[in-house]
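K.L.:
Shown below is the structure under consideration.
Please treat every number below as a calculation from the coordinates, not as lab data. Since the model is a prediction, treat every value here as computed from it, not as a measurement. With ideal geometry, Cβ positions are generated from the backbone for all residues, glycine too; neighbour counts draw on all protein chains shown.
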Amino acid sequence: MRISGWLAGVATAAVVALAAGQAAAQEGGKLKIGTEGAYPPFNTLTADGKLEGFDVDIAKALCDQMKVECEFVVQDWDGIIPALQAGKFDAIVASMSITDERKEQVDFTNKYYVTPLAVAAVKDSDLKGTTPEDLAGKTVGAQAATTQAIYAQDHYAKAGADVKLYPTQEEAVQDLINGRLDAVVSDKFVMVDWLKNSADADCCKMIGDVAGTELETGIAIRKGENELREKLNAAIDAIVADGTYKKVQDKYFDFDIY
């Protein structure tokens, strides 16, 4: 059956992207890793433009294990899945939670960490908990296109909270600092790191975990790239087994996130 020129172009691009991802899985190749660069301590850009963070170090460890070269591509969060699908990079290592909705668009490796959501608020907040009833009437911030944004819209907004979404986690936190928000819902480990290390964190406090929100985080790849997924899974298992994972984890956290 013949297809239109546009569809043929799309099909060709998909085949080329698939071949590139499969080639990258071979020893001596190059694996292009997409990450956000605005989600400390997992992935962030330094003042001089250097990528660092837990995601970045884990990706480097996996590339070393697979004997491939890592090349990082910085991509805004809201366009990161379309960029993967378009072949801009071969895998997303950017603290992406594994959800049924995302599984319709991409395939995932096994987990490389697990996290719940948590709520932080201004220090003098009268918040007593993290339930929808606790947040009713409050202004709650979250990063757009994330599991925390979905949770905030599906639970807090329906209970009467005013939910505001931001392009990055950092922008949501800044509005909390500046008094424009009553609370922020976030990946717990991101918030723990910020409250521990930020010079501005004395404005705020952790309210607690959001019950029932624990999710596994995985590496996203294009649909059907089974060889690459298997190699990444084997590499994850290997760095956990040989202690490399723990060395990376201990650089950022004083507790187990696996």
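K.L.:
I'd like the trypsin sites (Lys or Arg not before Pro) in the range 31-90 restricted to DSSP loop residues with at most 16 other Cβ atoms within 10 Å, sorted by number. Display every interim value, and only then the final one.
P.N.:
Numbers: sites: K32, K50, K60, K67, K88; in loops: K50, K67, K88.
Within the range 31-90, the qualifying trypsin sites (Lys or Arg not before Pro) (loop, at most 16 other Cβ atoms within 10 Å) are K50, K67, K88.
K.L.:
Checking understanding here: applying a Kyte-Doolittle mean of at least -0.5 and a length along the axis of at least 27 Å (C-alpha), which whole DSSP H helices in the chain pass? The partial results should precede the final answer.
P.N.:
Details: long enough: 5-24 (28 Å, 1.51).
Membrane-span-like by this rule: 5-24.
K.L.:
If N is the number of residues in the chain, what value comes out of its Cα radius of gyration divided by 2.2 N^0.38 Å? Don't skip to the end; give the middle numbers.
P.N.:
Working: Rg = 19.4 Å, N = 258, 2.2 N^0.38 = 18.1 Å.
That ratio works out to 1.07.
K.L.:
Next question, about the same structure. At 37 °C and 0.692 mPa s, what whole-number value in µm²/s does Stokes-Einstein give for the translational diffusion of the range 175-258, with Rh from the Kirkwood sum over Cα pairs? Intermediate values should be presented prior to the final figure.
P.N.:
Numbers: Rh = 15.9 Å.
This corresponds to a translational diffusion coefficient of 206 µm²/s.
K.L.:
Can you tell me which of 213-223, 199-209, 174-184 comes out highest on packing, and rank the rest after it, using the mean Cβ neighbours within 10 Å? Mind dumping the intermediate values first?
P.N.:
Numbers: 213-223: 20.5, 199-209: 15.4, 174-184: 18.6.
The packing order, highest mean first, is 213-223, 174-184, 199-209.
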